Amino acid sequence: MDVHIEHLPPLRVAALSAREPDAETAALDGILNWARAHGYLSEPYRLFGYDNCLPGPQHRYTAWLTVGLEAIPDHRVQIIDFSGGRYAVLRVTGVEQIKAGWDRLASWVRHNRFRLARQPGLEEHLHLPDAPTAQFTLDLYLALVG
């Protein structure tokens, strides 16, 4: 298993949450549409998301897009200064590998006696939004203490 430890630097992100049947798609499409409308996709960016892991109507997904100091929030998008931190990271490819990837990453963290921090696990989207599901690639990030 190719897990590595990475320090995420502090990031300024635009955040949009969605709570609907396909919350992941709604949040990701929403943040990308907002960024496109404001011209924020012309510069290099990173795209993250995280899930609250609740079922049904309580399910929520939040998408983060890195932005510069010029970014301005609106009624749907917040601007957040994320402090960064130390993470165990595992890359997965294919939508069907996401759950198994999270399970393997959590097992690796326990086996190597790391302690989990309180931040949510992050998914960094490394594919184009319209990529076929077999090419869907994520880096999964579990926050570690220290």
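Overview of results
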{"quantity": "Candidate set from region 35-54 (those that are within 23 Å of TYR141 (Cβ to Cβ) and more than 13 Å from the chain's Cα centre (by Cα)); member that is surrounded by the most Cβ atoms within 10 Å (Cβ to Cβ)", "calculated": "ALA35"}
{"quantity": "Index of the failed condition, GLU24 passing every other in (1) in contact with a Phe, Trp or Tyr (Cβ under 7 Å, 6 or more places away or on another chain); (2) in a strand (DSSP E or B)", "calculated": "(2)"}
{"quantity": "Residue in region 55-65 that is surrounded by 15 or more Cβ atoms within 10 Å (Cβ to Cβ) and modelled with pLDDT under 90 present", "calculated": "yes"}
{"quantity": "Residue list for region 131-146, filter: in contact with a strand residue (DSSP E or B) (Cβ under 8 Å, 6 or more places away or on another chain) and either among the hydroxyl-bearing types (Ser, Thr, Tyr) or within 17 Å of LEU8 (Cα to Cα) (or both)", "calculated": "THR137, LEU138, ASP139, LEU140, TYR141, LEU142, ALA143, LEU144, VAL145, GLY146"}
{"quantity": "Count of region 78-130 residues which are out of contact with any strand residue (DSSP E or B) (no Cβ under 8 Å at 6 or more places or on another chain) and within 28 Å of GLY68 (Cα to Cα)", "calculated": "4"}
{"quantity": "Long-range neighbours under 7 Å by Cβ, at least six apart or interchain, first residue on the phi > 0 side of the Ramachandran plot within region 79-95, second surrounded by 15 or more Cβ atoms within 10 Å (Cβ to Cβ)", "calculated": "GLY84/LEU8; GLY84/LEU11; GLY85/LEU8; GLY85/GLN119; GLY85/ALA143; GLY94/PHE136"}
{"quantity": "Any hit, region 115-134, residues being crowded, with 16+ Cβ neighbours inside 10 Å, touching a helix residue (DSSP H, G or I) at 6+ places or on another chain (Cβ under 9 Å) and over 16 Å from TYR50 (Cα atoms)", "calculated": "no"}
{"quantity": "Of all residues in region 97-114 being over 17 Å from the mean Cα position of the chain (by Cα) and not aromatic (Phe, Trp, Tyr), the one that is surrounded by the fewest Cβ atoms within 10 Å (Cβ to Cβ)", "calculated": "ARG113"}
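The values are calculated or read from the model by the stated rules, or taken from the named source; none is laboratory data. A quick note: this is a predicted structure, and the numbers were derived from the prediction, not measured. Cβ: placed from backbone, ideal geometry, glycine included. Neighbour counts: every protein chain shown.
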